[in-house]
1. Suppose we filter T356, T401 for residues that are outside any strand (DSSP E or B) and modelled with pLDDT of 85 or more; which single one remains?
2. Just one of L133, L186, L174, L152 is open to solvent by less than 20 Å² (accessible area, probe 1.4 Å) and modelled with pLDDT under 80; which is it?
3. Does segment 154-166 contain at least one residue that is among the aliphatic types (A, V, I, L, M) and under 29 Å from F332 (Cα atoms)?
4. Among (1) farther than 24 Å from N388 by Cα; (2) outside any helix (DSSP H, G or I), where does P259 come up short?
5. How many residues are surrounded by 19 or more Cβ atoms within 10 Å (Cβ to Cβ) and over 20 Å from M208 (Cα atoms) when one looks only at segment 243-258?
6. Are any of the residues in segment 231-243 closer than 25 Å to K392 by Cα and in a helix (DSSP H, G or I)?
7. Give M261, M240 a once-over and let me know the one that is within 25 Å of K196 (Cβ to Cβ), open to solvent by less than 20 Å² (accessible area, probe 1.4 Å) and touching a helix residue (DSSP H, G or I) at 6+ places or on another chain (Cβ under 8 Å).
8. Consider segment 320-340. How many of its residues are farther than 18 Å from A395 by Cβ and either buried (at least 21 other Cβ atoms within 10 Å of the Cβ) or out of contact with any Ser or Thr (no Cβ under 6 Å at 6 or more places or on another chain) (or both)?
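The values are calculated or read from the model by the stated rules, or taken from the named source; none is laboratory data. Computed from a predicted structure; not experimentally measured. So basically every Cβ, Gly included, is an ideal-geometry build from the backbone, and we count neighbours across all protein chains shown. For the accessible areas, the whole protein counts, side chains as well, though only heavy atoms, and no ligand, DNA or RNA atoms are used. Shrake-Rupley method; radii C 1.70, N 1.55, O 1.52, S 1.80 Å.
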Amino acid sequence: MIAFWIVIVALLALVSLTLALPLLRGESRQTISRSALNKQLYRQRVVEIGEERDQGILAEEQESLVELQRSLLDDIPDVEQTASAGRSLVWIPGVLVLVVVSLALYAKLGAWQEVMHWQSVNARLPELSNKILVERDSDVTEQDLQEFMLGLRTRLAEEPGDYRGWLLLGRLALDGNDPDTALGSLERAYQMAPEKRLVTVPYAQALMMNGDEVKADALLQQAIARDPQDLEARSTYAFMALQKEDFKTALSRWQAMLPLMEKGSSRYQMIERSIEYAEQQLAKSGGQFAPSVASGDPQGDVSLAVKAGEFPIHITLAPGIQMPDDPHLFVFAVVPNGPPMPIAVKRIRDPKLPVTLSLGDGDAMIEGSKLEVNPELQFKARLSAGGNVMNKEGAFEGVSTTVSTATIPTVPIDIRIDRAL
């Protein structure tokens, strides 16, 4: 920040000098011109006195010359003093006005507050790193995460060759549903990483979020071919099929994972539930998935993937709320009074509201994590334009009451989307 103000002062000094120099030069030229004129008049008068003497008109030549010299001496100091006074005063008001107006315009229109905030975030980067990455403090707020990402981007601008930093920034952007930042960061990390397998899965997830499923599919296939026991790549590969509602492919990919895991482990049980869910959907639709409309609902309530053992959620739209262009529905679970980052997320493109669905361990942001480890949860539904949940322009949200995870409710949890973000 000190360097910034030094540059500002230097620029003001340069502009002030540019303003003052012409005025000083102008007064100097005026003084020189007046002195030269006086000398010229003096010489001309001396010649005239000589001519008058030769013609016999002038009797007292010496007295006339003395009088002429006295007159010249009297005139020169007055002009120099006036010019000197003018040089010392004329440019000062102009420079003062320039400085005051420049500072006032910058205070009104400049980004000095953003610059100070940026400097403050950079100074707090070690503290934020320890709070978010080491201590995993439950008091971490969304603002803390945004500031940490800002500081991390600044550090990466200074050290662009740190692939671990790009990988961390990309993972944070994935958790925050910021597909553009995630893709740009993970693409750079993938290009620089000495071992591609360290970045393949999150990079594939970013590609999926941005709609490039062909490239994501190819990356995951390569990762599985290199290491057939890479459960993270296999799980993401199965989730890709599930996201496209290709339950037959997802089922086969989950079944291929079971022999690679310890039987009875929490992850093994999660895959078993996923297989059971895929089999139910295939049996229900005769091999093809089709959303069903609940009978007896005059409003045509759509039921999507309501699975036993998961939290059922019923989402409605308040009167007066209009569907945005290219609507996307994000349903996520958060810890009440905890970090703003969701622990489970489901995204539905072009939703038909009202809708009943469920959210469970299969939707967890961190694979293998379980929702029930949190004593209480709160569910949110956000309706936004486009697939970026961070875009709050024209977005609407609804929040459920706090729900205990001790028992899964049999009645769907109500969420009414009724407020603009």
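1. Result of the check over T356, T401: T401.
2. L152
3. No - not one qualifying residue is present in segment 154-166.
4. That leaves (2) as the condition not met.
5. Of the residues in segment 243-258, 1 are surrounded by 19 or more Cβ atoms within 10 Å (Cβ to Cβ) and over 20 Å from M208 (Cα atoms).
6. yes
7. From the options M261, M240, the qualifying one is M240.
8. Matching residues across segment 320-340 total 4.
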